[in-house]
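A quick write-up on the structure given underneath.
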Amino acid sequence: MKEEPEIVKILKKEEKLGKLPRKSPFSFENLQIYEGSAGHVSDKTTMVFKDDFGTKTDHDKRVLTAFEDEELYRTLVENVLEGILILDFKGNVLFANPAVANMLGFKSVHEVIGKNVLSFVDPKFHKKVIKNQDLVRVGKEAFLDTYQVTTADGRKIWVEGLGTKILYMSETANVVYIRDITERKEIEESLRASEERFKQLYDKAPIPYHALSPTGIITNVNEKWCNTLKYTKEEVTGKSIFDFVIKSEKGLAKASFEKKIIEKKPYTGGHERTYVAKNGEERIFIIHDYFSFDESKNVRSVHTTMEDITQRRQVWDKMVKSEEKYRVLAETSADGVLTTDVLGRLTYVNPSLEKILGRRKSKTLATPFRNYLSESTVYLFQQAFLDVRKKGRKMENMGLDVIHKDRYEIPVEANIAPLKKDGKFIGIECTVRDVSERKRIERELKRSEKLRTEFMNIAAHELKSPITPIKGYLELIESDKNASEKIKNWARIGMRNAERLMCLVNDILDVSRLDTNTMRFNMEKCDLGEILDSAIEDIKPDIENKNLRFIKEMPDNLPKIVCDNHRLSQVLKNLLGNAIKFTDYGAITLRAEEKEGDLFIYVQDTGIGISSDETKKIFTKFYQAYTGEDRKNEGTGLGLFICKEIVKKHNGEIWAESKVGKGSKFTIKLPL
Ligand code: ADP
C-alpha cells in the first residue's frame, strides 16, 4: 500500500487531538488521494471520496467503481455541510458550494463566486490568509488555520480553513474546506476566562497553593506560598516539589505521591507535610490535593492547597510537654488521681488509685467510676458529676466510700473538677484521698472525748459533795465568837477558794450536761427586766470593788420572752463577770432592745479587749485569749462555751466584737 500523503497524516493527527469532529462526511479515514490515476478528469490529481456507509468489504468495491460518475461527485460537494471554496492564487473565489454561502450569510453561491476572499475576512487576518495562500501555491504544505470573518448579514464568526493545492479547470488552484467554529471559539474563550479567574483566585487566596505536573514538577505557586516559604515564583517553577520537602520526609513523600498519581486518589483527608523555607525555617502544613484529568482519565495536573499549622503545632507540643509534667505528678501522687470521659468512664487511673481500689488499671479503664462506690455514696457522686458538668465548677471535700476489690469500704475525700477541651466539657478529673486513718482517729477521739466527759461528770460529782460540808465548817469558824481575827481570816480565804472550786465544778458539770445533752431547761414566759436585775444584784459588789461605773439601759415596754430564767441569768452573770474581770477603768454597760422581732442584749466594757482573730475562738471549750504574760485573771475557759450552748438552746446567737485596748461588746440575740 502506498504511503499516506502528508495532508492525510496531518488531518488524522488533528482528528486525534479532537480538533476535527469524526462525524463529518469528510471523514479522513475514508479520504484517499490518488496521484496520476487515470480518471475521467484529465489532470494529475483526482480526489476520490469514499462514502461512509457499508461494511469494509463493500466499500473496497465501491472505491473502484462508484466515482466515475461526475454527477455523483457534484451532488456530494453540494450537499456536504463542510464549506468548499476554490480560490485562484489572488484570492478570488472560483467555486463555492452552498455550505459556504450559508456560512457566510449569502443567499446563493453566485453571490460568493467572483468575490475576493479578503472581502469576507477581517483585516487583522489578511496577512495570514495571504501567507497561507502562498504556502499552498508553492506546494509546500496543506494548512489548517482559523480566521475571523464578517458575514454578509454583519455577524462576526470564526472559521477554520484547511487548504491544499488542486488542479481546477486545468489550472492550479487552492481548495479550502471551511468550517464554522464560532461556538467552539466561544467555549474556548469562556474556558480561558474562567481558568484565568480561578488562577487569580488561587493567586490571591490567603492559603498557600501550588500546581504540579504528575511527576511533581511545580507549574504554579500563589503569592501566599511564596510569602510562607520565602521563595519567588521564578525560583521554584520548573523545580521538583520534593526539593522543598524536609529531608527526613522526602523519600516517603515522593513514593506516596507517585502511588497517589497511579491510584488517581488525591490527598483529601488532611495529610501532613513539612517543607523547608528558603531561610531554612521548617513549616508544617496540612495538604489537600485536587487532581485534574485528561481525556484518557490520567492525572494531568495536581492542585494542592496547604494549611500552615506550624504555630498550632508549636503550641500543641508545648501543651504535650506540660501534660507530660502533670502526668509525672499524677503518677507519683500519694492521692488517687483519675480522669473520666463525658459519661464518667475512667480514662486515667494513677498507681495510688489502683492501690485504693485493689484493682489493676487495665481492669478499671473504660468502666464507670461509680461502679467502685458504695451504694450510700454513689448517688452523691452522680449528683456532683452532673453539677460539675453543668456549672463547670469544682466540688471539694466530698465524702465518698470506695469499694475495695475484697469488698470492704474505704472512706475517701474527693475533689472533682471539670476537664475541658476547647471550652467543651470532656469529662472530670478527680483526686481521691484515703481518709480511713483520719476517720479512725476521729472515732478514737470521739470515744476518748466521751470517756473524758464521763470521767469529768463523775469527778465533778465526787468533788462537789465534800465542798458543801467544807463550806459549812468554814462558815461556822467565821461566825464563832471564840475564834481570833487571824483564824477568821484564814477561814474567809478558805471560803473564797471553796467557792471558786464550786464554780469550777459547776462549770464542769454544765459542760458535761451540755455534751451529753442532759441539761434540763425549764422554759417559761419571763420578764427580762427581772432577769437582768437578778444578774446585776449578783455582780454589784464586784463593780463597786473595782470602782467601775455601771450603766443600765432598758426600755420599759420590752415584751416577755420564753426562756429558762435561771440559765439566762447565768449567761448574763458570766458576761458581766468577764466584763468586770477584764476591765480596770471605765464603765460596764448592760443594754437591751427589741429590733425587727428579735430581742438584743448587749454587755459592753471599756477593758483590755480581744484581738479580732480570737473573738470566735473564745467561745470554744477551755479557750483563753492571750492577755499578756502577767495574766492575773483566773478562770477555766469554759464560761463562754456554756453561754453559747445555752443561747443556742434558746434558738439564739451570741457573738463578740472587740478592739484590743478599747473594750469589748458581747451581743445576745434571742427570737421573740
Ligand atoms: P474564763 O473563765 O477564762 O473567763 P470564758 O470562756 O468566760 O473563760 O472566757 C474565755 C476567754 O475570753 C477569757 O479567758 C478571756 O481571755 C476572753 N474574754 C472573755 N470576756 C472578755 C472581755 N469582756 N474582755 C476581754 N477578754 C474577754
Which numbered condition ARG496 fails, given (1) touching a Lys or Arg at 6+ places or on another chain (Cβ under 9 Å); (2) under 20 Å from LEU638 (Cα atoms): (1)
Residues of the stretch 636-659 that turn out to be in a helix (DSSP H, G or I) and more than 7 Å from the ligand (Cβ to nearest atom), as a count: 8
Tally, over the stretch 348-374, of residues that are over 31 Å from the mean Cα position of the chain (by Cα) and loosely packed, with under 15 Cβ neighbours inside 10 Å: 2
Given (1) within 14 Å of the ligand (Cβ to nearest atom); (2) buried (at least 18 other Cβ atoms within 10 Å of the Cβ), index of the condition LEU568 fails: (1)
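Could you check the stretch 660-672 and list, in sequence order, the residues that are within 11 Å of the ligand (Cβ to nearest atom) and not β-branched (Val, Ile, Thr)? First the steps, then the outcome.
Residues of the stretch 660-672 within 11 Å of the ligand (Cβ to nearest atom): 660-666.
Scanning the stretch 660-672 gives GLY661, LYS662, GLY663, SER664, LYS665, PHE666.
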Cβ-Cβ under 6 Å pairs, at least 6 apart or on other chains, the stretch 570-593 side over 13 Å from PHE550 (Cα atoms) and free of Cβ contacts under 8 Å to residues at least 60 places away in the same chain, far side more than 7 Å from the ligand (Cβ to nearest atom) and of a type in the set (Phe, Trp, Tyr): GLU593/PHE600
Failed item in (1) in a helix (DSSP H, G or I); (2) under 32 Å from the mean Cα position of the chain (by Cα); (3) not small (Gly, Ala, Ser), with LEU451 passing the rest: (2)
In the stretch 500-533, the residues that are surrounded by fewer than 16 Cβ atoms within 10 Å (Cβ to Cβ) and touching a Cys at 6+ places or on another chain (Cβ under 8 Å): MET523, GLU524
Residue match in the stretch 377-392 (condition: surrounded by 12 or more Cβ atoms within 10 Å (Cβ to Cβ), more than 20 Å from THR347 (Cβ to Cβ) and polar (S, T, N, Q)): yes
So ILE493, is it farther than 19 Å from LYS644 by Cα, assigned by TED's automatic domain parsing to the domain that holds PHE455, surrounded by fewer than 18 Cβ atoms within 10 Å (Cβ to Cβ) and not polar (S, T, N, Q): yes
Members of the stretch 265-298 that are at pLDDT 90 or above and either touching a Phe, Trp or Tyr at 6+ places or on another chain (Cβ under 9 Å) or among the hydroxyl-bearing types (Ser, Thr, Tyr) (or both): ARG273, THR274, TYR275, VAL276, ALA277, LYS278, GLU282, ARG283, ILE284, PHE285
Number of the condition not met by LYS621 [criteria: (1) near the ligand (Cβ under 9 Å from one of its atoms); (2) buried (at least 20 other Cβ atoms within 10 Å of the Cβ)]: (2)
Selection count, the stretch 605-618, where residues are more than 9 Å from the ligand (Cβ to nearest atom) and more than 25 Å from VAL511 (Cα to Cα): 3
Entirely in the stretch 482-591, the helices (runs of 4 or more DSSP H) that have 3 or more residues that are at pLDDT below 90: 485-515, 528-546
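Can you go through ASN397, ASN415 and tell me which one is in the same structural domain as LEU357 (by TED's automatic domain parsing), outside any helix (DSSP H, G or I) and exposed (fewer than 15 other Cβ atoms within 10 Å of the Cβ)? So that I can check it myself, show each step before the final result.
Values: ASN415 fails: exposed (fewer than 15 other Cβ atoms within 10 Å of the Cβ).
Matching residue, one of ASN397, ASN415: ASN397.
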Subset tally (residues that are over 27 Å from VAL511 (Cβ atoms) and of a type in the set (D, E, K, R)) for the stretch 440-488: 7
Residue check for LYS573: of a type in the set (Lys, Arg), closer than 25 Å to ASP527 by Cα, surrounded by 15 or more Cβ atoms within 10 Å (Cβ to Cβ) and more than 9 Å from the ligand (Cβ to nearest atom): yes
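Tell me which residues, restricted to the stretch 469-502, are under 21 Å from HIS566 (Cα atoms) and free of Cβ contacts under 8 Å to residues at least 60 places away in the same chain.
Residues of the stretch 469-502 under 21 Å from HIS566 (Cα atoms): 499-502.
Within the stretch 469-502, GLU499, LEU501, MET502 qualify.
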Search result, residues across the stretch 100-153 that are on the phi > 0 side of the Ramachandran plot and either of a type in the set (A, V, I, L, M) or touching a strand residue (DSSP E or B) at 6+ places or on another chain (Cβ under 6 Å) (or both): GLY139
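The values are calculated or read from the model by the stated rules, or taken from the named source; none is laboratory data. In this text, all values refer to a predicted model and were calculated from it rather than measured experimentally. Note that each Cβ is placed from the backbone with ideal geometry, even for glycine, and that neighbours are counted across all protein chains shown.
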